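The values are calculated or read from the model by the stated rules, or taken from the named source; none is laboratory data. Since we're looking at a predicted model, the values are computed, not measured. Because the Cβ atoms are built from the backbone with ideal geometry, glycine has one as well, and the counts that use them run over all protein chains shown.
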Amino acid sequence: MPLRFTIRDLLWLTVVVALAMGWWRDHRALVRRDDPVAETYFLKNTDPNDIRQTVRSVFSNTPSLEIAIDARQNAVVILARPSQQVTIRDLVEQLDMPFTGPGTRIIRLNSGVAPVDVKAEAALLQVLGDAERKLPRTNANKPKGLQLE
């Protein structure tokens with residue numbers, strides 16, 4: 001007995017294949033969305049080893065993060081997920097700022113808590129306290145958000 005296909009059977013087969021192909025493409029797009037991406041950061045003012053150490057400490061619980069240094073171009077190549085690359089890009093931009101004078105650069109981390117050195121904080125408060133005592137008492141030169149006694 002020969003197999004007979006009608007137009008309706010062919011239409012259903014076309015619909016099923018189209019739905020399966022659409023699902024497969026969406027599934028592949030979702031799976032690939034979080035695949036690691038390599039990005040190169042060219043540095044102007046900072047040593048690549050410092051960037052590597054800082055990024056590794058911020059993403060210490062991420063085993064898939066890979067960092068390579070290109071010393072000839074003063075660059076860092078970082079392999080990470082796209083969601084992590086956004087944070088890494090912001091961190092590298094903040095770390096690669098020129099050092100303009102004596103003291104310490106302040107780096108804001110939006111996605112983590114930076115460790116606080118108690119001795120450094122006490123020294124800073126001492127310096128700010130000495131500076132505040134030398135300035136005349138006005139509201140204009142009082143440091144905002146800092147309460148000194």
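Select from segment 1-45 the residues that are at pLDDT 90 or above, within 28 Å of Arg89 (Cα to Cα) and out of contact with any helix residue (DSSP H, G or I) (no Cβ under 7 Å at 6 or more places or on another chain) and list them in ascending order.
Ala38, Thr40, Phe42, Lys44, listed by residue number.
Hey, does segment 26-36 have a residue that's surrounded by 10 or more Cβ atoms within 10 Å (Cβ to Cβ) and among the hydrophobic types (A, V, I, L, M, F, W, C)?
no
Considering only residues that are farther than 14 Å from Ile51 by Cβ and in a loop (DSSP other than H, G, I, E, B), which ones fall in segment 66-87?
Arg72, Arg81
Criterion first (touching a residue at least 12 places away in the same chain (Cβ under 8 Å), of a type in the set (Gly, Ala, Ser) and not in a loop (DSSP other than H, G, I, E, B)) does Ala29 satisfy it? Please lay out each step first, then the result.
Details: touching a residue at least 12 places away in the same chain (Cβ under 8 Å): no; of a type in the set (Gly, Ala, Ser): yes; not in a loop (DSSP other than H, G, I, E, B): yes.
Spelling it out, it is not the case that Ala29 is touching a residue at least 12 places away in the same chain (Cβ under 8 Å), of a type in the set (Gly, Ala, Ser) and not in a loop (DSSP other than H, G, I, E, B).
Is one or more of the residues making up segment 47-63 under 13 Å from the mean Cα position of the chain (by Cα), not in a helix (DSSP H, G or I) and not small (Gly, Ala, Ser)?
Yes, segment 47-63 contains a residue that is under 13 Å from the mean Cα position of the chain (by Cα), not in a helix (DSSP H, G or I) and not small (Gly, Ala, Ser).
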